[in-house]
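*Asks:* Please see the structure below; I have some questions.
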Amino acid sequence: MEIADVRGDLSQVLLTGDEIQRRIGQLAATVDQDYQGKDLLLVGVLNGAVWTLADLARELRNDCQMDWVAISSYGAGVTSSGVLRLLKDLSADVAGRHLLVVEDIIDTGLTLSYLIENLRGRGPASLEVLTAFRKPAAARCDVAVKYVGFDIPNDFVVGYGLDYAGRYRHLRGLGVLDPAVYNR
Ligand code: IMP
């Protein structure tokens, strides 16, 4: 779905689908270099990171595997509840493996801190994070994020996997949701 199809619900278009694809391609090249000869497991955070992980993985030249976790998030609102729960765990044992957690967006960093702590306890050989988007507040969280697609303003955004009440995930680009939509 293109941004133009929901233009009326957005107050601003931040990134086109093509711009996001180009950046993910650049990140993939760096990941390829960094993980050459290593047993790489991409860990996607459902549901939002499906797009980022799928696009990243298809740009990688080196072999990799994929697994998924789900963590309770915002529900139908636009702010975090702060209470996190693992809704779906990894399928495989990750001890001794090189993990790259793939996120759609880091806002407060709460979700990521929770996940990192959980995964570290399982003894991976290494653990890094890649996110498509990062908001300014994330800079204050104490989780190091090695690969960042774009730093974006502190607005509620939709598209490229990010939703509001289950909508807009399948937009190819990224836009700021007009507050009129969630104040309705
Ligand atoms: P954090 O725990 O505050 O870093 O939030 C992480 C999760 O909140 C993301 O994986 C998204 O699911 C959701 N989220 C954060 N900001 C936005 C946004 O602007 N639009 C849609 N979802 C968001």
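*Asks:* Answer yes if at least one residue in region 150-157 is modelled with pLDDT of 95 or more, under 28 Å from Leu90 (Cα atoms) and surrounded by 15 or more Cβ atoms within 10 Å (Cβ to Cβ), and no otherwise.
*Replies:* yes
*Asks:* How many of the residues in region 29-53 are touching a Gly at 6+ places or on another chain (Cβ under 9 Å) and either more than 16 Å from the ligand (Cβ to nearest atom) or within 23 Å of Gly96 (Cβ to Cβ) (or both)?
*Replies:* 2
*Asks:* Then there is this: Given the condition open to solvent by 70 Å² or more (accessible area, probe 1.4 Å), hydrophobic (A, V, I, L, M, F, W, C) and at pLDDT 95 or above, answer yes or no: does some residue in region 15-27 qualify?
*Replies:* For region 15-27, residues open to solvent by 70 Å² or more (accessible area, probe 1.4 Å), hydrophobic (A, V, I, L, M, F, W, C) and at pLDDT 95 or above: absent.
*Asks:* Then there is this: Quickly run through region 27-71 and pick out the residues that are under 14 Å from the mean Cα position of the chain (by Cα) and among the hydroxyl-bearing types (Ser, Thr, Tyr).
*Replies:* Selection gives Thr52 alone.
The values are calculated or read from the model by the stated rules, or taken from the named source; none is laboratory data. Model, not experiment: these values are computed from the prediction. Neighbour counts run over all protein chains shown; Cβ positions are idealised from the backbone, glycine included. We work out accessible area using only protein heavy atoms, side chains counted, and drop any ligands, DNA or RNA first. Shrake-Rupley method; radii C 1.70, N 1.55, O 1.52, S 1.80 Å.
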